[in-house]
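Note sheet for the following structure.
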Amino acid sequence: MISLAETEVVSAPGRFEDSFARAKSERLVERLWDKDASLWSNEKQTADKIGQRLGWLDSVERLEANLESLRRWIEEASRDGYRDVLLLGMGGSSLCPLVLADIFADDNEGLRLHVLDTTDPLTIAELTKDLDWSRTIVLVASKSGGTIEVLSLYAHCRTLADASTKFVAITDPGTSLVALAKEDDFDYCLENPADIGGRYSALSYFGFFPALCLGFDFKSYMERVDLMLKASQVPVRDNPGLELAVFMAAAFDEGRDKLCLAVGDSLKSFALWIEQLVAESLGKEGKGIVPIAGAQLREFAAGENDRMIVAIGSKEEVERVLEEQGTNIGNGTPCLTIVLDKPHQIGAEFFRWEMATALAGAFLRVNPFDEPNVTESKLITGTLLEEYEKNSALPKQELLVGTDEIDLYGKMDWDLVAEPGDVADILRAFIGRIGPGEFVGILAYLPYSEDSALGTQALRESLSKSHGWLTTLGYGPRFLHSTGQLYKGGANNGHFIQLTCEDEVDFPIPGKNFSFSVLKAAQAAGDMQTLEAHGRRVLRCHFKTQPVEGFEYLKGLLDRVLEEEG
């Protein structure tokens, strides 16, 4: 029997019923499906732009008829011996495929899907070195068609490809990528409806093509999507998207702006997808909901009433979360559970969260379909790259203090130390500014590696264990297309530790006068400048040794400072 994931509001926010009443009186569900942009803004120019970003509501209806021809093309490629798909994308274009590749890893009868969404040269080299390019499909995914990371990766892959490599593009109609696909003789170019934003594109060609490549039971997947679409159109409490929206909005109204995502082992990447959707949609105008993905959630102190919990996973995984968080729930922390008993329910969950986030934007009165602060970092990065092309060097940041292992950079306007003398002084000043209701964001411009994963997790655990601070983790430049909007445009309650390193390998970007390492460094510098321009506290820690040694050194200093601060 086809069914949706079971949900339960285990512990409701105090204003839960009031928020449901508001949803009913203001006809939020009906107006959403009518594509009424006044849900979010009465200003005509803004409303007109919102009206051009609501195509995700009926994308399945518009595109479903074309999926059979895509399936046949993919099956023919598979019969011809193609085995791998390398997806080049950022943000919403890459995270949905990453979720599908992870969730269906054990149910994959089709092609192997690899997602490349970084400008880190070591990660690029490691992911591409073992591909048989004569049996590889390169999928170039960019809504705008001009994403610098995607085009740079494409240019590099062209140098590795051979005459048998297939190239496929997914982009909006009329973009520069459409022209490039024609000029470079791509095998396929899919033009996605222009009225679907990147982070709302899971149920469009950006999500459908990778799903068909993986070869799982797509019919079962789509049956559950259709079931969710029907369930999401009723203006009552049984509406899955409305229930989740009301839960988040009611908790936010109580000052609970941290959305703690407790997910099962097979859903770690789904938490990243939720993170980018919620953060980029709701983090603006000085407010927003801060999604916490991948953190070890501990017992919250009595005064930490800024949190809500959504637990997602199998029945056993959700029950374990409820047991672990029993004290927090008993102390009044709102908690909602979503039990998935079949991986094919994930497509329906994409839509549940898209709808819930859009409706939460109506409650918060923010436009969930724009990303005003994302552009700022891109512009600064572009300026830095122009300076590099003129001077063969990026502008130098002012060094605060350095050792043989690490250099620290940042604006010392934290008032706690007049003239810091060593690394510990800087860390002490940084830590001393973190107050109640605030969080620490780790921005890792590092290789995707086990060493990086272990190192960043160790830093998060130190911060959480000592003071109970919630932490976020983003790999640069991927997070610039997702949580970066929240960090710069949301409430000023984040403290950021940027991690950079000396790159082991590097190679030029064809057609450019700079390399991947320079591009990554410019993106990190642009990110830091933008954060500082918005009054955020940000400390850059540059590893001069191998990252594993840098993490060990930084964590040792951090633990010492935290212990001193008590």
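Would you tally the net charge around Thr327, using a Cβ to Cβ cut-off of less than 11 Å, leaving Thr327 out, and scoring K and R as +1, D and E as -1?
Numbers: positive: Arg298; negative: Glu299, Glu323, Glu324.
Neighbourhood net charge equals -2.
Pick out the long, greasy-scoring helices in the chain: whole DSSP H runs spanning 15 Å or more along their own axis by Cα, mean Kyte-Doolittle at least 1.0.
Details: long enough: 67-79 (18 Å, -0.97); 92-103 (17 Å, 1.44); 148-160 (19 Å, 0.80); 218-231 (20 Å, -0.09); 240-253 (20 Å, 1.25); 268-282 (21 Å, 0.64); 346-364 (26 Å, 0.92); 374-391 (26 Å, -0.54); 450-467 (26 Å, -0.83); 516-533 (25 Å, 0.32); 547-565 (26 Å, -0.35).
Length and hydropathy pass: 92-103, 240-253.
Taking a ≥ b ≥ c as the square roots of the Cα gyration tensor eigenvalues, with a/c under 1.5 meaning rounded and otherwise prolate when a/b beats b/c, else oblate, which class fits region 1-80?
Working: a/c = 3.58, a/b = 1.54, b/c = 2.32.
It comes out oblate by the Cα gyration axes.
Pull up the DSSP beta bridges for the chain and report the antiparallel fraction as a percent, rounded to 5. List each step's numbers first, then the result.
Values: 14 of 67 bridges.
Counting only bridges with both partners in the chain, antiparallel ones make up about 20 percent.
Cβ neighbours within 10 Å, averaged per peptide: list 89-98, 327-336 in order, most packed at the top. Show your work: numbers first, answer last.
Details: 89-98: 28.2, 327-336: 18.2.
Final packing ranking: 89-98, 327-336.
Apply the a/c threshold of 1.5 to the C-alpha gyration tensor of region 1-136 and tell me whether it is rounded, prolate or oblate. Can you show the working numbers first?
Working: a/c = 2.08, a/b = 1.98, b/c = 1.05.
Prolate, because a/c is 1.5 or more and a/b exceeds b/c.
With the contact rule set at Cα under 8 Å and sequence spacing of 6 or more, what percent relative contact order holds for region 218-293? Present the calculation step by step, with values, prior to reporting the outcome.
Values: 50 pairs, mean separation 18.8, N = 76.
Reported relative contact order: 25 percent.
Given a Förster distance of 45 angstrom, what is the FRET efficiency for His467 paired with Ala163, based on the Cβ-Cβ distance and rounded to 0.05?
Values: r = 58 Å, r/R0 = 1.29.
With R0 = 45 Å, the Cβ-Cβ based efficiency is 0.20.
Along Cα→Cβ, 7 Å out, is where each label goes; now give me the distance between the ones at Glu8 and Glu254 in nm to one decimal.
For the pair Glu8/Glu254, the computed spacing is 1.9 nm.
Within region 2-35, which residues have the backbone N less than 17 Å from the label spot 7 Å out from Glu61 along Cα→beta-carbon, could you tell me?
Output list for this probe position: 29-35.
Set the bar at 27 Å for Cα to Cα. Now go through Lys411/Lys488; Lys24/Lys315; Lys182/Lys284 and name every pair that lies beyond it.
Distance filter (> 27 Å) returns Lys24/Lys315; Lys182/Lys284.
At a threshold of 8 angstrom on Cα-Cα distance, excluding pairs fewer than six apart, so keeping six or more, what relative contact order does the chain reach in percent? Kindly include the intermediate steps, with their values, before the conclusion.
Values: 1041 pairs, mean separation 102.9, N = 566.
Result for the chain is 18 percent.
Suppose each label sits 7 Å from its Cα in the direction of the beta carbon; what would the Glu389-Lys287 distance come out to in nanometres?
Each label point is offset 7 Å from its Cα along the Cβ direction, giving 4.2 nm.
Just subtract the alpha-carbon distance of Asp48 and Asp185 from 0.36 nm times their residue separation and send over the number in nm, one decimal.
Numbers: separation 137, 0.36 × 137 = 49.32 nm, distance 3.60 nm.
Residue separation times 0.36 nm, minus the Cα-Cα distance, leaves 45.7 nm.
With a 1.4 Å probe and every protein chain left in place, work out the accessible area per residue of region 365-412 in Å², rounded to a whole number. Write out the running numbers ahead of the final one.
Numbers: 2770 Å² over 48 residues.
That works out to 58 Å² per residue.
Which entry is the computed Rg/Rh (Cα atoms, Kirkwood Rh) for this structure: (i) 1.01; (ii) 1.33; (iii) 0.95?
Matching entry in (i) 1.01; (ii) 1.33; (iii) 0.95: (iii).
In percent, what relative contact order does region 300-354 have, based on Cα pairs under 8 Å that are 6 or more apart in sequence?
Values: 42 pairs, mean separation 23.5, N = 55.
In percent, rounded to a whole number, it is 43.
Across 5 Å bins from 0, what is the distribution of all Cα-Cα pair distances for region 70-217, in whole percents?
2, 10, 22, 24, 23, 14, 5, 0
Given only helices, namely DSSP H runs of n ≥ 4 each adding -39500 (n - 2.57), what is the per-residue ellipticity at 222 nm of the chain, to the nearest 500 deg cm²/dmol? All intermediate terms of the calculation are to be shown ahead of the outcome.
Numbers: 22 runs with 260 residues, N = 566.
For the chain, the value works out to -14000 deg cm²/dmol.
Compute the distance in nm between two label points, each set 7 Å from the Cα along the Cα-to-Cβ direction, one at Ser176 and one at Lys268.
3.6
Keeping the other protein chains in place, figure out the carbon and sulfur percent of the accessible area of the chain, with a 1.4 Å probe. Could the numbers behind the result be given before it?
Values: 10000 of 21940 Å².
Percent of accessible area from carbon and sulfur atoms in the chain: 46.
Please state the charge dipole magnitude for region 394-496, taken about the Cα centre, from unit charges on C-beta atoms (+1 on K and R, -1 on D and E), reported in debye and rounded to the nearest 20.
On the way: 8 positive and 13 negative charges, 107 e Å.
The dipole of region 394-496 has a size of about 520 debye.
Can you classify region 230-340 as rounded, prolate or oblate using the Cα gyration tensor, where a ≥ b ≥ c are the square roots of its eigenvalues, rounded means a/c under 1.5, and otherwise it's prolate if a/b beats b/c and oblate if not? Mind dumping the intermediate values first?
Values: a/c = 1.32, a/b = 1.08, b/c = 1.22.
Note, shape of region 230-340 comes out rounded.
Could you sort 137-149, 178-190 so that the peptide with the highest average Cβ count within 10 Å comes first and the rest follow in order?
Ranked by mean Cβ neighbours within 10 Å, highest first: 137-149, 178-190.
The values are calculated or read from the model by the stated rules, or taken from the named source; none is laboratory data. This structure is a prediction, so every number in the text was calculated from the model and none was measured. Glycine also receives a Cβ, built like all others from the backbone with ideal geometry; neighbour counts cover every protein chain displayed. To get the accessible areas, we keep the full protein, side chains included, count just its heavy atoms, and leave off ligands, DNA and RNA. Shrake-Rupley method; radii C 1.70, N 1.55, O 1.52, S 1.80 Å.
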